[in-house]
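S.K.: Please see the structure below; I have some questions.
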Amino acid sequence: MTCSPGWLWTLAAGLLAALLLQRLRFPLFWRDFFFLSKVIRYGLKLELFKLTFSVRTVLDRFVEQARRVPDKPFVIYEGAVLTYRDVELRSNRLAHVFLQQVGLKKDQCVALLMSNEPDFLCVWFGLTKLGCSVAFLNTNIRSKSLLHCFNCCGAKTLIVGSDLVDCLDGILPSLLEDNIQVWVMKSHSEHTLVHTLLDKLDAASDQPVPAELRATSSIKTPILYIFTSGTTGLPKAAVITHLQSLKAAAGFWAFGACEDDVIYIPLPLYHTAASLIGIGGTIELGATCVLKKKFSASQFWTDCRKHNVTIFQYIGELCRYLCNQPKTELDKVHKVKMGVGNGLRQDVWREFLSRFGNVRMCEVYGSTEGNLCFMNHLGKIGTVGRSNFLYRLLFKYDLVKYDMVKDEPVKDQNGFCQRVERGETGLLLSKVCAVSPFFGYAGSKQLTEKKLMKDVFVKGDAYFNTGDLMVEDHEGFICFRDRVGDTFRWKGENVATTEVAETLGQVDFIQEVNVYRVEVPGHEGRAGMVAMIVRPGSSFDGRKLFEHAVRDLPAYARPLFVRLQEVMETTSTFKQQKFQLVQSGFNPSTISDLLYVLDYQQKSYVSLTDQIYQSIVRGERKL
């Protein structure tokens, strides 16, 4: 049987018409399709792990890469180059020390307090090779918050970097009293009860410990605890499983990166972005990473040119710092082709591209503990991701109406949430199901339950409450609008308003405090501001408040502005009212209350004058 020419012409015309219709009505279909096909392929591989009860973990992938490309640079750090073999052998030595000298066993939890350095990776991998879970401690937290972290994850061993030993001041007796072993990455220790690791490495074997120690049959086995600020006022230990770490490790690959790429990581390793996406992504590709101890705007492009960096990780504030650097004729002389991160404002995004060239900025949206991720694979300015009918088939999420005054979702007459229309801002909720599980927080079932919303649309359903206000436009692009509740981001860190309030509440002249966030022109995130009532018979003391804030709060959590009030407004449920305070901002010409601003030069909170306000708005005053 043969086809007549007429049928062939009809078929060709039909295909051409379908192609034209697709380009007119669905111009991004194929780009979405090919990206999602990669996501689906990777997801099927993870599902296969569940079915076969045999998981190839990120660490397994690292060991595989160390055998495949042993001499390839894995980490470049302050001029030193460590190959895959170097890190493999050193992590083996540490694993033997942990096994024989420290006495660690499979399934135990170990807390890690280290700055960005290669030994962070070697210790992390060494512990994981023993089947231990690792709790990454934020290097900014101190005293009460630090001790709280051990109770969350149940760690009985702490490993401290050589440059962070001072963090133990004041809490070491409490740690020892709780039978927590403290080990430092040094050869000598001034304290007899603090053990050293470096002096034991030379005698340790560099041969692999038995692989069965790290083997697991469940992709949902917890392997990390990463701390995130919460509304309880103290850090929460988000449970990170193999499933989450494997998903994060595929991020660069999904965006089109390959093993020839050089990835620049200036973000702290105790956060998900640098450790799971950055290091995990480098391992998945078999690529090379340039690890920075701390981000430096003045060194960034010099480092990129020196090491032929092709991809860098960012937060929005980082890109703003780069744009604020003096312009040079070398601004576009580099090999950087992609940035992966979050929190990039539209104006900074445009300025960055205009100044530094055609760098593809790939925004990623997702929280440490969350069960949903958006990826802006098309690079559209101002969006965090893209959705379509294919994406919604895979990931169940909704945007619901939210009352900012009452600080709660809007419910219908039956008590169910109401979905917003396309183009309207709503609270992002992600359905908890087998495809998108929520693993919660270690040490507190109450905190885990608090993050869930139940009976959202029907009786019995459950959704993860992201706490983020988002909007999805008519083309399917998703934009971040703001955060609700008691947490905000400043300088790339999450700040819990209740933790700041509890700390400031200890100042003797303060009767009541209400911590909230305000928008500062030209800055990413939101800055901390505190409304307070002074105790009767006392007076505001800016110097005393400054000393207290600097001593007990990390830099990013210190309120930049203070507002004195006579009466503290509350909601109908007796919650402190924040919405009107947030809306009014910190402009002294429109606010009758006395305002103060943090001043590091005078070491005090000083009166916020209109002149100072204008200098902040113009970007002349450093915050």
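The values are calculated or read from the model by the stated rules, or taken from the named source; none is laboratory data. Predicted, not measured: the structure shown is a model, and the values here were computed from it. Note: ideal-geometry Cβ built from the backbone for every residue, glycine included; neighbour counts use all protein chains shown. SASA here: full protein model, heavy atoms, side chains in, ligands and nucleic acids out. Shrake-Rupley method; radii C 1.70, N 1.55, O 1.52, S 1.80 Å.
S.K.: Given the conditions (1) in a loop (DSSP other than H, G, I, E, B); (2) buried (at least 19 other Cβ atoms within 10 Å of the Cβ), and given that residue 521 satisfies all but one, which numbered condition is not satisfied?
M.R.: (2)
S.K.: Could you list all residues from segment 419-447 that are without any contact (Cβ under 8 Å) to a residue 40 or more places away in the chain, out of contact with any Asp or Glu (no Cβ under 9 Å at 6 or more places or on another chain) and closer than 25 Å to residue 494 by Cα?
M.R.: Across segment 419-447, the qualifying residues are 445, 446.
S.K.: Sort through 541, 599, 610, 552 and tell me the only one that's open to solvent by less than 50 Å² (accessible area, probe 1.4 Å) and of a type in the set (Asp, Glu).
M.R.: It is 599.
S.K.: Count, please, the residues in segment 56-76 that happen to be surrounded by fewer than 21 Cβ atoms within 10 Å (Cβ to Cβ), over 17 Å from residue 124 (Cα atoms) and in contact (Cβ under 8 Å) with a residue 40 or more places away in the chain.
M.R.: Matching residues across segment 56-76 total 4.
S.K.: List, please: which pairs have Cβ atoms under 9 Å, are six or more places apart or on different chains, and start with a residue in segment 605-617 that is over 18 Å from residue 542 (Cβ atoms) and end with one that is surrounded by fewer than 17 Cβ atoms within 10 Å (Cβ to Cβ) and among the basic types (Lys, Arg)?
M.R.: Close Cβ pairs satisfying both conditions: 615/621.
S.K.: Test residue 189 against the criterion of being of a type in the set (Gly, Ala, Ser) and more than 21 Å from residue 444 (Cα to Cα), and give yes or no.
M.R.: Working: of a type in the set (Gly, Ala, Ser): yes; more than 21 Å from residue 444 (Cα to Cα): yes.
Considered against the rule, which asks whether it is of a type in the set (Gly, Ala, Ser) and more than 21 Å from residue 444 (Cα to Cα), residue 189 comes out as yes.
S.K.: Something else now. In segment 417-437, what residues are open to solvent by 50 Å² or more (accessible area, probe 1.4 Å), of a type outside the set (A, V, I, L, M, F, W, C) and more than 14 Å from residue 484 (Cβ to Cβ)?
M.R.: Listed by number, the residues that qualify are 418, 419, 421, 422, 424, 431.
S.K.: Would you confirm, using the coordinates I've provided, whether residue 92 is open to solvent by less than 20 Å² (accessible area, probe 1.4 Å), of a type outside the set (Asp, Glu), at pLDDT 95 or above and not in a helix (DSSP H, G or I)?
M.R.: no
Yes/no matrix, rows are residues, columns are (1) closer than 30 Å to residue 115 by Cα; (2) of a type in the set (S, T, N, Q); (3) outside any loop (DSSP other than H, G, I, E, B):
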position: 42; (1), (2), (3): no, no, yes
position: 46; (1), (2), (3): no, no, yes
position: 60; (1), (2), (3): yes, no, yes
position: 65; (1), (2), (3): yes, yes, yes
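S.K.: Here is a further query. Among the residues in segment 100-108, are any closer than 18 Å to residue 228 by Cβ and aliphatic (A, V, I, L, M)?
M.R.: no
S.K.: Further question on the same structure: Does any residue of segment 527-535 turn out to be open to solvent by less than 10 Å² (accessible area, probe 1.4 Å) and over 22 Å from residue 592 (Cα atoms)?
M.R.: No: zero hits.
S.K.: On to the next question. Restricting to segment 358-381, count the residues that are farther than 30 Å from residue 227 by Cβ and either surrounded by 15 or more Cβ atoms within 10 Å (Cβ to Cβ) or in contact (Cβ under 8 Å) with a residue 24 or more places away in the chain (or both).
M.R.: Residues flagged as farther than 30 Å from residue 227 by Cβ and either surrounded by 15 or more Cβ atoms within 10 Å (Cβ to Cβ) or in contact (Cβ under 8 Å) with a residue 24 or more places away in the chain (or both) within segment 358-381 amount to 6.
S.K.: Give segment 501-515 a look and list any residue that's free of Cβ contacts under 8 Å to residues at least 40 places away in the same chain and assigned to a strand (DSSP E or B), or say none.
M.R.: Within segment 501-515, 510, 511, 513 qualify.
S.K.: Regarding residue 399, is this residue without any contact (Cβ under 8 Å) to a residue 60 or more places away in the chain and not in a loop (DSSP other than H, G, I, E, B)?
M.R.: no
S.K.: A further question follows. Among (1) touching a residue at least 40 places away in the same chain (Cβ under 8 Å); (2) open to solvent by 30 Å² or more (accessible area, probe 1.4 Å), which single condition is residue 387 missing?
M.R.: With (1) touching a residue at least 40 places away in the same chain (Cβ under 8 Å); (2) open to solvent by 30 Å² or more (accessible area, probe 1.4 Å) applied to residue 387, the lone miss is (2).
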